[in-house]
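The values are calculated or read from the model by the stated rules, or taken from the named source; none is laboratory data. This one's a predicted model, so the numbers in the text were calculated from it and none came from an experiment. In this analysis, Cβ positions are derived from the backbone assuming ideal geometry, glycine residues included, and neighbour counts consider all displayed protein chains. Side chains included, ligands, DNA and RNA excluded: accessible areas come from the protein's heavy atoms. Shrake-Rupley method; radii C 1.70, N 1.55, O 1.52, S 1.80 Å.
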Amino acid sequence: MSFELIGFVTVLVGLGVLMAPIHWALTFMVVSTTLGSAAAINLPALGGASILVPNVFLLFFGVRILMAYGEGPVLAAFVPAGSGFWLMVLTLFGVLTAILSPRLFQGAVDVMTVERSVGARSFIALSPLRSSSNNITQAVYALGGLACFGFCHAYLRRPGAPSHLVSAILIAAAVNLAFAAADIVTYFSGTEYLLSVVRTANYALLTAAEKGGLKRISGSFPEASAFADYTLVLFAATASLWLDRIRSRLTAALALASLAGLVFSTSATALLGLAVVFPFLWIRSIITVFQRKNPGRPVFLAALFLIVPLVLLTVVNLFPEMVSTVYDFLDEMLLSKVDSQSGRERAMWNAAAYEAFVNTFGMGAGLGSARASSYLLVLLSNVGVLGLVIFCIFVATILCARVPLAAQRRVEGLAALRAAKAGFVAALSTSLVSGTVYDLGLLFYILAGSVSALTCLQISDAAARRPPLVGAASPRRIGGS
């Protein structure tokens, strides 16, 4: 086991958080997810597997939550029929498949899997199914995601927590953009080594790529597509907060800057994700017009519906050369993607994942055994049909979570809930297009736990404001009157 410098910093910050006010624990937990290529620890015994900074900090975050609230509120996140319960069922089932399936189908199925060698970067290759370190690491990540969900649920049920969540999301968005700017500056100044402190994971780092004459922004992530996936989540959350008039100037600036980062990442997944996020935010805003006396940004909605098409038509007529340039750029990003080397490689991953699903009779090859280029095929090839069904139930419980009208008077709490849902949808949209492994990142579980907790919080607050039933006995005071 080898500790990186960023790992020592993580431990020091974690120890400091244990003695600091608890809202700092949530803030650092969210901000740590920006370090997508920073390994705190590398494990040669597991073929050079990397433990990322967010996963190490999760230990300190969990300890701080338990110190403050105990285990009761954490366990309450997994009550039957709730979203946490289904996530727990899925996680335990996934861990079980990681243990049993590779042994049950050993050598009978070929899968795309990560091959690791000590002292070298990992690579993906087609090989016969067998138990490997990938089963261990993905199982640990799955359990970590489950724990993160529970810890966030326990914290976000507390008064004042929605405001802390909003602040943490905004800080994370600012840090992510700062790393994006540093990536551009160091690339063109020949000082990329300055970012080596946050690029310590045993991954194939594609941080110096260009497309269409533009530097593909990767920020603190191993490649541009990973940066785009993460940034899309923060864009959706900050745009949702702006629509709800929460810290309007700051959220508008961060949303616009994140949108620019998505464009300059030149990621096809980002554009497809925006095609999901924009309609989601637009439809949600339209619904609020009819549900609330003070709807969010009706002028913005009118601009999207009327002004944007007029602007596009004007540009097409006045600047045909610009349109041709944009078309060539989009053609390289989207239309020609399938014929590119990357497109053919990912198509091969999907074909192998589908074959693994079929050859294991729909049971899956085990959590961590197979990679694909779509989260749907990841689930089918890893945990089979049953795992996919459980995951769909979990997602449905998150997206369908509602609060009573009486509980919607807390504006920032409701806005935080909407922002968490928007980020959750953004994470799902990109993973369904290009997700390669079961683990969706700790930010996904932070947002899911936030939705679950904020819904419970609003409902409990609404119930507390109800008048007592006629004839009900009044509670006795402890110690007498």
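A few comments on the model shown:
- Against the test of being modelled with pLDDT under 90, touching a helix residue (DSSP H, G or I) at 6+ places or on another chain (Cβ under 6 Å) and β-branched (Val, Ile, Thr), the options Val451, Val425, Val403, Val411 yield a single qualifying residue, Val403.
- Matching residues in the stretch 348-373 - criterion: being open to solvent by less than 60 Å² (accessible area, probe 1.4 Å) and not in a loop (DSSP other than H, G, I, E, B): Trp349, Asn350, Ala351, Ala352, Ala353, Ala356, Phe357
- Qualifying residue in the stretch 358-379 (condition: touching a Phe, Trp or Tyr at 6+ places or on another chain (Cβ under 7 Å), free of Cβ contacts under 8 Å to residues at least 60 places away in the same chain and not aromatic (Phe, Trp, Tyr)): yes
- Residues of the stretch 147-168 that are open to solvent by 20 Å² or more (accessible area, probe 1.4 Å) and within 18 Å of the chain's Cα centre (by Cα): Ala147, Phe151, Ser167.
- Within the stretch 240-257, tally of residues that are surrounded by fewer than 24 Cβ atoms within 10 Å (Cβ to Cβ), among the small types (Gly, Ala, Ser) and at pLDDT 90 or above: 4
- Complete set of residues in the stretch 163-199 that are of a type in the set (Val, Ile, Thr) and farther than 12 Å from Leu254 by Cα: Val166, Ile184, Val185, Thr186, Thr191, Val197, Val198
- Residue pairs meeting the criteria (Cβ under 6 Å; at least 6 apart or on separate chains; first part of a helix (DSSP H, G or I), in the stretch 143-161; second open to solvent by less than 10 Å² (accessible area, probe 1.4 Å) and among the polar types (S, T, N, Q)): Leu146/Thr91; Cys152/Ser450; Leu156/Ser450
- Lone qualifier among Ala236, Ala224 - being closer than 25 Å to Thr137 by Cα and of a type in the set (Gly, Ala, Ser): Ala224
- Leu241 vs. criteria touching a Leu at 6+ places or on another chain (Cβ under 7 Å), assigned to a helix (DSSP H, G or I) and more than 19 Å from Ser32 (Cα to Cα): no
- Meets criteria (farther than 21 Å from Asp439 by Cβ and polar (S, T, N, Q)) for Ser50: no
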